[in-house]
Every structure is written in structure tokens, then in C-alpha cells.
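Everything on this sheet refers to the single structure shown next.
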Amino acid sequence: MERIGVLSKRKKGVTRLTRSSKIIKTIINAIQDKKGENIVSLDLRKIPEAVADFFIICEATNQPQVRAIADNIEDEVKSQCGEYPYHHEGKDKLQWVLIDYVNVVVHVMLPDSRKFYKLEDMWSDAALEEHKD
């Protein structure tokens, strides 16, 4: 039942994002500002089951960095785009923080969590773009 709720959260009439959308650029820059590593974006727009248009995934080397990246993303998106997260989770354990902006979902992960959950493999039909400094 919960999965259905997640799938239906997309609002009708909401503008679909592109790779050059301001929010995506802002998120990637916020990650890079805090030295996030292995940054990728997955374009999910052509996948009917997808819950968002884009996933942005990155790694942090330790828990304080996970928090710093997640906090910087929220601060920068709020100040530059006027957007607040629809939902976020994981800030208590800091293994994997998810920040949901409805059309773009950000995953800030420790390397072990990223290797275990393999989000890129789960969404292997999505076009993947790597973001280097």
C-alpha cells in the first residue's frame, strides 16, 4: 500500500525537469561545494514506473560529511530556487540521507551503503551522467 502512495505523489501539471534545470545544477554544485564524490544523475523521465524525473546520487567519506552535504543541498536549493524538500529521511543515522524534491530525489550515501543498495543497477534503464568537478 505504501508503494502506491509513493508512486502517486507526482503532481499533475508539474513542469518536468531537464538536466539543465536550475534545481539540478544547484544540487550538484552544493554537493561539490562539500566535496561529495562519485556524483551521478540518473534521468528517469522515460521510465514509466519512476517516482521522479531524476535521481542524483553521491558519496561522502564519513557521517559528518553526509550531514554537511545534505544540509548544504537543502540550504542552497532553498536560497537559490525557493524550494523546500517534500520529504527527507536518514539524518538520524547518516548512512544514507534521502532528500525528495518530488521531481528530483537526492541520495547522499556512505560508500558501503551505496555498494549494498546499488541504485544505479536498480535503475539501469536510466541514462546516467557522471558529474566531475
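The values are calculated or read from the model by the stated rules, or taken from the named source; none is laboratory data. Computed from a prediction, not measured in an experiment: that's the story for all the values here. Cβ sites come from the backbone with ideal geometry, for glycine too, and all protein chains shown count toward neighbours. Areas reflect the complete protein model, heavy atoms only, side chains present, ligands, DNA and RNA absent. Shrake-Rupley method; radii C 1.70, N 1.55, O 1.52, S 1.80 Å.
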Dipole magnitude of the chain, debye to nearest 20 (Cβ charges: Lys/Arg +1, Asp/Glu -1, about Cα centre): 400
Report the dimensions of the chain along its three principal axes from the alpha-carbon atoms, largest first, rounded to Å. 37, 33, 28
Under the 7 Å Cα-to-Cβ spin-label approximation, Lys46 and Lys118 lie apart by a distance in nanometres of 2.3
Roughly how many Å² is the accessible area per residue of the chain, as a whole number, for a 1.4 Å probe? 58
So what is Rg over Rh here for region 67-116, counting just Cα atoms and using Kirkwood for Rh? 0.98
If contacts are Cα pairs under 8 angstrom and at least 6 residues apart, what is the relative contact order of the chain in percent? 29
Fraction of alpha-carbon pairs over 18 Å apart in region 16-65 - percent: 36
